[in-house]
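Trainee: Could you have a look at this structure, given as structure tokens, before my questions?
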Amino acid sequence: MFIVRYVAAISPNHIRLTNCGTGESIARTAVRPFSSEDRMIGDREAAASFLGELIRELEGSRRWLRLWPTIDVAITGAARAEPDQIEVRRLFVEQGFVRVRVT
């Protein structure tokens with residue numbers, strides 16, 4: 001099975017996603033805010049929609065269902081609590097990443 005590796009950085013209402021194999025990267029600020037004042041993921045639906053759009057834009061028509069995408073995610077900006085790490089991990093798992101490490 002082919003493994004695709006990514007790195008991401010998430011900050012309030014902003015995500016940067018990089019495919020380590022190709023070196024391609026995309027960074028955007030969400031038009032529809034997904035963070036709240038006290039949570040990184042305040043609106044799960046908005047965050048999932050935004051991340052899905054970024055993945056489709058970065059990968060184009062390629063889809064990785066047959067692959068094993070892994071990702072290292074850094075939460076940047078203000079220090080975040082463990083519940084934020086759990087929600088960020090869940091967000092990326094729901095988008096199809098099989099191994100997610102959040103720091």
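Trainee: Give the calculated FRET efficiency between E37 and R16 to the nearest 0.05, with a Förster radius of 30 Å applied to their Cβ-Cβ distance.
Mentor: E between E37 and R16, to the nearest 0.05, is 0.85.
Trainee: Provide the percentage of antiparallel DSSP beta bridges, counting only those with both residues in the chain; round to the nearest 5.
Mentor: 50
Trainee: Moving to a separate point now. Report, in degrees rounded to the nearest 10, the 0 to 90 angle that the Cα long axis of helix 82-94 makes with the longest principal axis of the chain.
Mentor: 30
Trainee: If you fit an axis through the alpha-carbon atoms of helix 44-59 and take the longest principal axis of the Cα set of the chain, what angle between them do you get, 0 to 90°, nearest 10?
Mentor: Helix 44-59 and the main axis of the chain meet at about 30 degrees.
Trainee: Taking only DSSP H segments of four or more residues, each worth -39500 (n - 2.57), what value at 222 nm results for the chain once the sum is divided by all its residues, to the nearest 500 deg cm²/dmol?
Mentor: -9000 deg cm²/dmol
Trainee: If contacts are Cα pairs under 8 angstrom and at least 6 residues apart, what is the relative contact order of the range 5-102 in percent?
Mentor: About 29 percent, as a whole number.
Trainee: Computed from these coordinates, which is P(r) over Cα pairs in 10 Å bins from 0, in percent: [x] 13, 22, 17, 14, 10, 9, 7, 5, 3, 1; [y] 14, 46, 34, 5, 0; [z] 15, 54, 27, 4, 0?
Mentor: Here the calculated entry is [z].
Trainee: Can you give me the C-alpha center-to-center distance between the range 68-103 and the range 1-54, rounded to a whole angstrom?
Mentor: The two parts, judged by their Cα centres, are 10 Å apart.
Trainee: Given the alpha-carbon gyration tensor of the range 5-58, what are the semi-axes of its equivalent ellipsoid in whole angstrom, ordered largest first, with each equal to the square root of 5 times an eigenvalue?
Mentor: Gyration-tensor ellipsoid for the range 5-58: 21, 11, 8 Å.
Trainee: Now for a different question. Sticking with the crude label model, points 7 Å out along Cα→Cβ, report the distance from T29 to R89 in nm, one decimal please.
Mentor: 3.0
Trainee: GNM, the chain, Cα, under 10 Å: largest mean-square fluctuation among A46, A81, A30?
Mentor: A81
None of the figures in this text is laboratory data; all of them are computed from the coordinates on show. Keep in mind the model is a prediction, meaning the values are calculated, not measured. Neighbour counts are summed over all protein chains in view; Cβ atoms, including those assigned to glycine, are modelled from backbone coordinates with ideal geometry.
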